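What follows is a short report on a single structure.
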Amino acid sequence: MKKNASNNETRQVASVGAQRTLRLASVIKRDLYGFIIQEGMKALDELLRQDQELLCGPVHAKGTPGSAQRWGKATGRLSMSGRRVNIDKPRVRRNGREVTLPSWAELADDDPLNRRTMEQLILGVSTRGYDRSVESLPEELEPHGASKSSASRRFVAMTQERLEKWQERDVSQLHIVALMLDGIEVDKHMVVIALSIDETGGKHALGLWLGATENVVVCGGLLDNLIERGLDPQLGYLFVIDGSKALRKAIRERFGHRALVQRCQEHKRRNVLSHLPERLHPSIAKTMRDAYQSKSKATAKRRLLQLAAQLATDHPDAVESLKEGLDETLTLKDMNLPPPLERTLSTTNSIENVNSVIRRILRRVKRWRDGSMIKRWVAAALMEAERGFRRLRNFKDMPALVAAVRSAEQTHHIDSDDAAA
């Protein structure tokens, strides 16, 4: 009997304990975030108290001359949940000077608030809506720093700092073999952007340059900036560009015949079709596409010139567009690359994809104040796009491109030496 009574009592105690646990879990579930904040603040207080004790010794212990002393409390600020909060922290002084608690120094050393603000705004949260987008905090922490003006100031400071660092990055160690250059219009300004491809097929956003139009000065400014940062003008590179004459001239002036220029075949096809009636678009587009897929440059060029002859009488403007820069739309045909890699590098699609990310982010801006604002936002959007970069789909064939570019570079040096002799 006594044994049964003891078992019953044990079961009752266990039942009561389980009920209390369930009630506690129910309370926590209703405000889990608040519970975590509360317990986290307790842990922080304990951490700071331990730091104080390590510096000053136990409470009421007699200190020695020159030892650290407790000195009341002070209000400090930390970043939390997209805001700043006020925290009461213990003070320690030694020889009349403030001693920083190690844990506080570590917590305050990095400011995640700037990163949080930039992330929110890049993802589409407006400065006016920033306060509503972050988690609420207990009033006793006096949360602040989430207003429209505060978020805007932090975003401006963060993007300006990143822009300056980004445009000063050394590019000499990237082992660049190809560059794609393109312009994007933002509020009547032209921003020229550079995307590089290294010897392993990796992509890198290199920089941007701002101007009123995509002219030689703007394009040259971007290339000069890259050269200053380590892009060697004495080496050969493959440049993939659209039909911009300003880009073409700027490249030639700085890299001479070492630059292998591939004009975008997709841009050329669109330009030709723009001079033709819509009823001809399907057949002409197919003819050009088939020509570009020819196995040799001679065959491709012959088929394109045959097309030009067919169009000469009725559509002279289309013929002029087709013949303009025709050889440079077939540059890669001389390099004997695997067809998949050739197709990838025959268009500016890679940088067009980057531009689409930039446009998606920039369309959230309602009013552009000046060129500096445009540069900061474009740089921030470029960095966001860079986070999603993958190597070229045909990256395993990159050694063939590297060998072709280096061979062309060597041929140029030999020709230059012969001319000099």
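The values are calculated or read from the model by the stated rules, or taken from the named source; none is laboratory data. All values derive from a computational prediction rather than experimental measurement. Backbone-built Cβ (ideal geometry, glycine too); neighbour counts: all protein chains shown.
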Flagged in the stretch 48-92 as surrounded by 12 or more Cβ atoms within 10 Å (Cβ to Cβ), modelled with pLDDT under 85 and of a type in the set (A, V, I, L, M, F, W, C), in numbering order, are LEU78, MET80, VAL85, ILE87
Quick one: is HIS257 surrounded by fewer than 21 Cβ atoms within 10 Å (Cβ to Cβ) and more than 27 Å from the chain's Cα centre (by Cα)?
yes
Write out, first by first residue and then by second, each pair whose Cβ atoms fall under 7 Å of each other, whose residues are 6+ apart or on separate chains, and whose first residue, in the stretch 60-72, is within 16 Å of LYS89 (Cβ to Cβ) while the second is assigned to a loop (DSSP other than H, G, I, E, B) and among the small types (Gly, Ala, Ser).
GLN69/GLY63
A careful count of residues in the stretch 350-401 that are over 30 Å from ASP334 (Cα atoms) and either among the aromatic types (Phe, Trp, Tyr) or not assigned by TED's automatic domain parsing to the domain that holds ASP187 (or both) gives 2
Provide a single number: the residues in the stretch 226-243 that are part of a loop (DSSP other than H, G, I, E, B) and closer than 11 Å to GLY207 by Cα.
1
Are there any helices (runs of 4 or more DSSP H) wholly within the stretch 289-407 with 2 or more residues that are over 26 Å from HIS189 (Cα atoms), and if so which?
297-311, 316-323, 339-345
Against the definition (within 19 Å of LEU345 (Cβ to Cβ), touching a Lys or Arg at 6+ places or on another chain (Cβ under 9 Å) and in a helix (DSSP H, G or I)), how does ARG248 come out, yes or no?
yes
Residue among LEU276, LEU238 that alone is among the hydrophobic types (A, V, I, L, M, F, W, C), crowded, with 16+ Cβ neighbours inside 10 Å and touching a Ser or Thr at 6+ places or on another chain (Cβ under 9 Å)
LEU238
Specify which of the listed residues (LEU392, LEU345) is closer than 24 Å to GLN234 by Cα and at pLDDT 90 or above.
LEU345
Can you tell me which condition SER296 does not meet? The list is (1) over 21 Å from ILE351 (Cβ atoms); (2) surrounded by 13 or more Cβ atoms within 10 Å (Cβ to Cβ); (3) touching a helix residue (DSSP H, G or I) at 6+ places or on another chain (Cβ under 7 Å), and all the others hold.
(2)
Residue count, the stretch 249-289 (criterion: out of contact with any helix residue (DSSP H, G or I) (no Cβ under 8 Å at 6 or more places or on another chain) and of a type in the set (D, E, K, R))
5
Being surrounded by fewer than 22 Cβ atoms within 10 Å (Cβ to Cβ), under 21 Å from the mean Cα position of the chain (by Cα) and assigned to a helix (DSSP H, G or I) is the filter here, so list the residues in the stretch 205-225 that pass it.
ASN225
